[in-house]
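The next block holds one structure in the form of structure tokens; read it before the comments.
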Amino acid sequence: MTKNQKIAAGCGAVGCLGLIVLIVAGCVVYFSYYRSRPSSANYNYNYNSNSNSNSNRNQNSGSSNSSAPPSTSSSSSMSNDDRHKLFQAAGITKDSELIQKVLKKIGLMNASGVPTDEYGPFVKDHISWAVNNMSFINSVNTPESGRAYVDAHLKD
């Protein structure tokens, strides 16, 4: 090996060692600075919520053709909390037939299987409800326990 080849090999080794040192230093900085901060500091949460509701019930006493939607007496007799519990328990079962039955019962789906106007706002409210009711969610965290809750609370 000539003198020039030894110099080239030495420079190559030093250059490679320098890159390894930079990578290690970069990892140390990343894990000590970025990973030590709370995870919520890494994200910018911005929640905006708009909810518009318009109800127009036209009931003509002299006409047999009424444009008013049918009343859902079963959903109005349930508390909002009970509706959320039933919705949560049915969802955990992953049984589409049971979920549709519950959605119809709580007034979020009409008889033909189309979601009502109340469905979207209800689902938005369900997120905040779920945050405040983790103990209930943990009590129905399997399909079997969800089905048992629905069977016990769904009255036809």
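The values are calculated or read from the model by the stated rules, or taken from the named source; none is laboratory data. Computed from a predicted model, the values in this text were never measured in an experiment. Quick reminder, even Gly has a Cβ in these numbers, built from the backbone with ideal geometry, and neighbours come from all protein chains shown. Accessible surface areas use protein heavy atoms only, side chains included; no ligands, DNA or RNA. Shrake-Rupley method; radii C 1.70, N 1.55, O 1.52, S 1.80 Å.
For Met109, the residues whose amide H sits under 5 Å from its own are Lys104, Thr116, ignoring neighbours fewer than 5 places away on the same chain, with H placed 1.01 Å from N. Remark: the stretch 114-128, residue by residue, has Karplus-estimated 3J(HN,Hα) of 9, x, 7, 5, 7, 4, x, x, 5, 5, 4, 5, 5, 4, 5 Hz, where x stands for each Gly or Pro and the curve is 6.51 cos²θ - 1.76 cosθ + 1.60 at θ = phi - 60°. The HN-Hα couplings worked out from phi for the stretch 97-113 by the Karplus form 6.51 cos²θ - 1.76 cosθ + 1.60 (θ = phi - 60°) are 5, 5, 4, 5, 4, 5, 4, 5, 5, 8, x, 9, 9, 7, 4, 8, x Hz, whole numbers, x standing for Gly and Pro.
When the residues Val14, Val123 are ordered by accessible surface, computed with a 1.4 Å probe over the protein chains alone, the sequence from largest down reads Val14, Val123.
If you take the Cα centroid of the stretch 77-146 and the Cα centroid of the stretch 1-34, the two points sit 59 Å apart. Could you give the nm distance between label points at Ser112 and Ala13, where each point is 7 Å from its Cα heading toward the beta carbon? Label at Ser112, label at Ala13, 8.2 nm between them.
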